[in-house]
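Below is one structure, written out as structure tokens; comments come after it.
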Amino acid sequence: MADLFEAAGLTPAQPTPLADRLRPQSLDEVVGQDHLLGPEGPIGRMAAARRLSSMILWGPPGTGKTTIARLLAKAAGYEFQQLSAVFSGVADLKKAFEAARTRRRAGQATLLFVDEIHRFNRAQQDGFLPFVEEGIVTLVGATTENPSFELNGALLSRCQVYVLKRLDDAALEGLLAKAEAHEDRSLPLEADARQALVNMADGDGRYLLTLAETLFNIASAKPLTIAELGQVLQKRSPAYDKDREEHYNLISALHKSIRGSDPDAALYWLARMLAGGEDPMFVARRLIRAAAEDIGAADPMSLILANAAKETYDFLGSPEGEIALAQVVVHLAAAPKSNAVYKAFGAAMKAAKETGSLMPPAHIRNAPTRLMKDLGYGKGYAYDHDTAEGFSGQNYFPDEMPRRTFYQPRGEGAEARIKERLDRWAALRREKGG
């Protein structure tokens with residue numbers, strides 16, 4: 001509500017942020033999302049047909065979700081109504097739905113835009129369902145979080161999910177050019193500092209324009225170098241939420257780079273996680289898993305070294321302990337790979353569930369009492385060390401279960417010698433009839 005000074009026109013007008021002044025006025029002015037907004041894109045087609053479906057816009061901050069929703073309503077002739085899940089509750093939703101119902105009676109369609117829709121709880125999300133189904137509102141939800149994890153399945157089944165891309169360098173440079181044209185002056189930056197400014201934005205168009213506005217405001221008499229730019233602007237951490245999807249995306253990238261024997265990529269993803277504030281002990285645990293799952297018996301030292309890196313970090317802390325994590329990342333990525341033990345254990349677990357409670361064959365059962373010995377427990381057991389080859393070739397599977405081969409070494413690294421021994425023992429077993 002305006003105060004008396006505003007009503008009398010005595011309050012000087014406050015300038016709006018540069019990002020708001022440069023907000024696109026039509027869908028074709030939105031940069032970086034041509035895969036959705038172009039003539040062949042799904043949203044572009046809807047706007048051209050002036051018939052909209054409910055949708056979820058999922059993407060990083062500063063990629064245009066709010067702007068797209070507003071311009072889409074304008075292009076299709078819908079009334080635009082906006083709510084924020086941070087500031088709105090059930091009462092606000094009821095008012096929005098009732099207003100939309102009234103408009104519908106008058107022949108006016110409503111686009112209800114809900115920013116950060118993932119912040120509504122499950123019950124509140126369910127509240128949208130009847131109004132979306134009846135066509136009272138066309139819902140456009142915006143979220144930075146993976147809808148698969150944060151939104152009800154029932155709501156997702158009624159909406160298309162469209163993924164917005166982080167803005168690439170070309171799109172960000174286009175925004176800077178637009179800002180300079182609007183201000184009728186160039187940014188006071190040397191060429192390499194200008195690229196550093198683009199890098200600072202990390203794909204966020206709104207943040208880039210905020211940084212540019214700061215540079216316009218300081219009105220430097222000469223172009224700034226990279227060092228001077230760093231003094232004026234504080235670089236924010238890369239987008240990374242330790243509790244959300246990015247956390248799992250980056251640890252997956254690290255693990256798969258190790259599995260793919262690419263130490264350079266693995267080091268990059270390790271650095272990304274640590275720069276984003278990830279708990280190094282979480283990374284250490286994943287490295288231990290990679291050593292056991294993807295390297296296994298091909299390089300048995302990998303598991304020992306991975307555990308040693310965890311202990312080293314626990315002892316030294318950051319930043320010194322992070323060097324040990326980097327060392328083991330390189331070792332794991334460069335090591336010979338074998339998932340033979342991992343696969344063998346999975347197959348053995350499956351067989352154990354399928355075969356139930358089969359008893360071991362009598363000759364390898366424990367016989368601590370006279371009764372057990374009388375029942376034949378331990379009878380006929382051959383002590384392997386007493387045989388000529390140090391290998392008896394007896395059967396150790398249950399009598400009711402045919403012999404199975406779970407472990408099939410690939411012959412990589414140290415596993416090559418294991419494969420030779422197993423092949424020799426298999427031949428001896430066949431000779432002895434075991």
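The values are calculated or read from the model by the stated rules, or taken from the named source; none is laboratory data. Remember, it's a predicted structure, so these values are computed and weren't measured experimentally. Methodologically, a virtual Cβ is constructed for each residue, glycine included, from the backbone with ideal geometry; neighbour enumeration extends over all protein chains shown. Surface areas here come from the heavy atoms of the whole protein model, side chains and all, with no ligands, DNA or RNA. Shrake-Rupley method; radii C 1.70, N 1.55, O 1.52, S 1.80 Å.
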Of everything in region 362-388 that's touching a Phe, Trp or Tyr at 6+ places or on another chain (Cβ under 9 Å) and surrounded by 12 or more Cβ atoms within 10 Å (Cβ to Cβ), which residue is modelled with the lowest pLDDT? 367
Filter result for residue 278 (in contact with a helix residue (DSSP H, G or I) (Cβ under 9 Å, 6 or more places away or on another chain), farther than 17 Å from residue 334 by Cβ and open to solvent by 10 Å² or more (accessible area, probe 1.4 Å)): yes
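Kindly indicate the residue of region 4-53 that is of a type in the set (S, T, N, Q) and at pLDDT below 90 and also surrounded by the fewest Cβ atoms within 10 Å (Cβ to Cβ) among those meeting that condition.
Of region 4-53, the ones of a type in the set (S, T, N, Q) are 11, 14, 16, 25-26, 33, 53.
This time we only want the ones that are at pLDDT below 90, so: 11, 14, 16.
Numbers: 11: 12, 14: 5, 16: 9.
Here the residue is 14.
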Would you confirm, using the coordinates I've provided, whether residue 285 is of a type in the set (Lys, Arg) and over 21 Å from residue 345 (Cα atoms)? no
Scan (1) of a type in the set (A, V, I, L, M); (2) assigned to a helix (DSSP H, G or I); (3) open to solvent by less than 30 Å² (accessible area, probe 1.4 Å) for the single condition residue 323 breaks and write down its number. (3)
Counting only helices (runs of 4 or more DSSP H) wholly inside region 18-94, the ones holding at least 2 residues that are farther than 30 Å from residue 185 by Cα, within 31 Å of the chain's Cα centre (by Cα) and not aromatic (Phe, Trp, Tyr) are 34-37, 42-49, 65-76
The one condition in (1) of a type outside the set (A, V, I, L, M, F, W, C); (2) outside any helix (DSSP H, G or I); (3) modelled with pLDDT of 85 or more; (4) open to solvent by less than 80 Å² (accessible area, probe 1.4 Å) that residue 429 fails to fulfil: (2)
Within region 162-214, which residues are in contact with a Ser or Thr (Cβ under 8 Å, 6 or more places away or on another chain), among the aliphatic types (A, V, I, L, M) and over 30 Å from residue 146 (Cβ atoms)? 193
Scan region 340-371 for residues that are in a helix (DSSP H, G or I) and among the aliphatic types (A, V, I, L, M) and jot them down. 340, 341, 344, 347, 348, 349, 351, 352, 362, 364, 371
From the list 334, 344, 340, exactly one residue is in contact (Cβ under 8 Å) with a residue 24 or more places away in the chain, closer than 17 Å to residue 254 by Cβ and not charged (D, E, K, R). Which is it? 334
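For (1) among the aliphatic types (A, V, I, L, M); (2) touching a Gly at 6+ places or on another chain (Cβ under 7 Å); (3) in a loop (DSSP other than H, G, I, E, B), each residue gets a yes or a no:
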| position | (1), (2), (3) |
| --- | --- |
| 124 | no, no, no |
| 130 | no, no, no |
| 136 | yes, no, yes |
| 171 | yes, yes, no |
| 175 | yes, yes, no |
| 197 | yes, no, no |
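Tell me, yes or no, whether region 85-102 has at least one residue that is under 29 Å from residue 175 (Cα atoms) and not hydrophobic (A, V, I, L, M, F, W, C).
no
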